[in-house]
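A quick write-up on the structure given underneath.
The values are calculated or read from the model by the stated rules, or taken from the named source; none is laboratory data. For clarity, every value in this text was computed on a predicted model and none was experimentally measured. Here Cβ is always computed from backbone atoms with ideal geometry, including for glycine, and neighbour counts include all displayed protein chains.
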Amino acid sequence: MTQQQFDLFIIGGGSGGVRAARMAAQRGARVALAESAAMGGTCVNLGCIPKKLYSYAAHFSESFVEARGFGWTVGDTRFDWQTLKANRAREILRLNGIYEGLLSKVHVVRGRATLLDAHTVVVGDQQFGAERILVATGGWPQVPQIVGREHVVTSNEVFDLPVFPARLVVVGGGYIASEFASIFNGLGAHVIQLYRGEQILRGFDDDIRHFAAGEMRKHGVDVRVNADVRSIVRTSSGLDVQLADGQTLAADTVLYATGRTPNVHGLGLDRVGVAQRENGAVVVSDHYQSSVPSIYAIGDVTDRVQLTPVALGEAMKLVDHLFGSGTRDMSYDGIPTAVFTHPNIGTVGLTEAEARRSVGAVRIFRSEFRPLKHTLSGSGERTLMKLVVDATTDRVLGVHMVGADAGEIVQGFAVALKAGATKAVFDATIGIHPTAAEEFVTMREPVGA
């Protein structure tokens, strides 16, 4: 079999893989990339981008109602699921083309790649040699082994359901489950969200978790905690979701969003001796090198921080390490994130509990209020903002928000945290009035220590 030789062979055309391929090729490396599906990976095709588009769509139902308080008369409205799907598909196809264009200097191979040995990749009937191999295959939705699991859908399929579900049961309490619960509720479905734990959004600040769950309920999502699914049965009218406590819920669709696992099936990692954790995640060093020196891994397949910007940052650090000066760093401290529930969540830095464990004495600043917009809109939605401050150094350790455009607001404050801003710096900053964001620089009295 004829074998082409490359400096770097990348398995996976998602955000991390494409960024690594493009940057390495720009530095003069001979690069190949294998992808069996649409270019762009989960984020572009089945994650961040379509999810945010659907979130925008879901907000319109609220906007039509809220407009009345501002003097607008809104006529009859009707949501068309097929139109939204078609328009989303057209936009994703455009983005696929952009990603393809970014790889003009890269040898793109279509098909599923398998490792033959530490320096050889096989794709179909083609064989490729490489000095180094990068695994960037991302993650895959995980569905537990329950009776009736064949009847459920995951976040991979939910964007393209043939028929819009009037009754949707969402199982899971993480950000993906919570986002889709809000989205489909806004689009007009009756949504029940089930989580077996004591509160949704585990890992977020406790005040944020409880407040967000309350706001989601106010918007219409039936959030139920300490609820576990026993089985799912298909009936003549849809699906029966049987709970551990004996209740039965009727649904048209059941969405499982109970976590994601590294997408490593069929890669041949075992064959070449790449060390993996119990869930399949590739174990890597600080420079993303696996236990096999010629094989590297970045992004969700390492199961460290499952965020697209993190995969991009890891790709750039790795390429600089392999083909550049080796000075580029990637910090995992203070990574901001947003949850596109209704209302949004934005957060960066330590939760209150984490701060108390790490530094001990803290000061807590918290403000809850009715946004100016809703003084006329008639909505009962409220906003929560919270600062976690080191009582000894005055450094702001965490910024947390539930409210409209929380992600947009917290992104800017993430820069301040990265720069080591103190509460005194926040206090000395003039707010932009009238905005919700100004609340972060006008909170003067701590509510807890």
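Data table
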read-out: Filter result (surrounded by 15 or more Cβ atoms within 10 Å (Cβ to Cβ), outside any helix (DSSP H, G or I) and not hydrophobic (A, V, I, L, M, F, W, C)) within the range 392-441; value: ASP394, ARG395, GLY398, HIS400, GLY403, ASP405, THR422
read-out: Only one of GLY47, GLY40, GLY75, GLY17 that is at positive phi and either assigned by TED's automatic domain parsing to the domain that holds ALA297 or touching a strand residue (DSSP E or B) at 6+ places or on another chain (Cβ under 8 Å) (or both); value: GLY40
read-out: Residue in the range 152-160 that is within 30 Å of VAL31 (Cα to Cα), crowded, with 17+ Cβ neighbours inside 10 Å, under 23 Å from the mean Cα position of the chain (by Cα) and not basic (Lys, Arg) present; value: no
read-out: Answer residue from the range 234-270, given it is aliphatic (A, V, I, L, M) and touching a helix residue (DSSP H, G or I) at 6+ places or on another chain (Cβ under 8 Å) and is farthest from LEU307 (Cα to Cα) among those; value: LEU239
read-out: Some residue of the range 372-380 being assigned to a strand (DSSP E or B) and touching a helix residue (DSSP H, G or I) at 6+ places or on another chain (Cβ under 9 Å); value: no
read-out: Filter result (polar (S, T, N, Q) and exposed (fewer than 15 other Cβ atoms within 10 Å of the Cβ)) within the range 225-243; value: ASN226, THR235, SER236, SER237
read-out: Out of ALA58, ALA32, ALA20, ALA24, sole residue that is closer than 16 Å to LYS105 by Cβ and either at pLDDT below 95 or in contact with a His (Cβ under 9 Å, 6 or more places away or on another chain) (or both); value: ALA32
read-out: Residue tally, condition closer than 30 Å to VAL171 by Cβ and either free of Cβ contacts under 8 Å to residues at least 24 places away in the same chain or β-branched (Val, Ile, Thr) (or both), over the range 266-282; value: 5
read-out: Residues satisfying the stated conditions in the range 75-96, i.e. assigned to a helix (DSSP H, G or I), within 15 Å of ALA58 (Cα to Cα) and not aromatic (Phe, Trp, Tyr); value: GLN82, THR83, LEU84, LYS85, ASN87, ARG88
read-out: Subset of the range 189-219 (residues that are surrounded by 17 or more Cβ atoms within 10 Å (Cβ to Cβ), small (Gly, Ala, Ser) and farther than 18 Å from GLY346 by Cβ); value: ALA189
read-out: Residue satisfying condition, being within 30 Å of GLN4 (Cα to Cα) and either surrounded by 16 or more Cβ atoms within 10 Å (Cβ to Cβ) or in contact with a helix residue (DSSP H, G or I) (Cβ under 8 Å, 6 or more places away or on another chain) (or both), within set LEU84, LEU103; value: LEU103
read-out: Of residues in the range 127-163 being assigned to a loop (DSSP other than H, G, I, E, B) and free of Cβ contacts under 8 Å to residues at least 12 places away in the same chain, the one farthest from ARG90 (Cα to Cα); value: GLN145
read-out: Positions within the range 20-49 being assigned to a helix (DSSP H, G or I), surrounded by fewer than 24 Cβ atoms within 10 Å (Cβ to Cβ) and of a type outside the set (A, V, I, L, M, F, W, C), in sequence order; value: ARG22, GLN26, ASN45
read-out: Filter result for ALA281 (farther than 24 Å from LEU187 by Cα and in the same structural domain as VAL310 (by TED's automatic domain parsing)); value: yes
read-out: Hey, GLY378 surrounded by fewer than 19 Cβ atoms within 10 Å (Cβ to Cβ), free of Cβ contacts under 8 Å to residues at least 40 places away in the same chain and not assigned by TED's automatic domain parsing to the domain that holds GLU66 or not; value: no
read-out: Test for LEU243: is it touching a residue at least 40 places away in the same chain (Cβ under 8 Å) and not assigned by TED's automatic domain parsing to the domain that holds MET23; value: yes
read-out: Residue count, the range 336-371 (criterion: assigned to a strand (DSSP E or B) and either of a type outside the set (D, E, K, R) or within 23 Å of SER182 (Cα to Cα) (or both)); value: 14
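Per-residue answers, yes or no, for (1) touching a Cys at 6+ places or on another chain (Cβ under 8 Å); (2) part of a strand (DSSP E or B); (3) more than 14 Å from SER178 (Cα to Cα):
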| position | (1), (2), (3) |
| --- | --- |
| GLU198 | no, no, yes |
| PHE204 | no, no, no |
| ASP207 | no, no, yes |
| ARG217 | no, no, no |
| ARG230 | no, yes, yes |
| LEU239 | no, yes, yes |
| GLY246 | no, no, yes |
| HIS265 | no, no, yes |
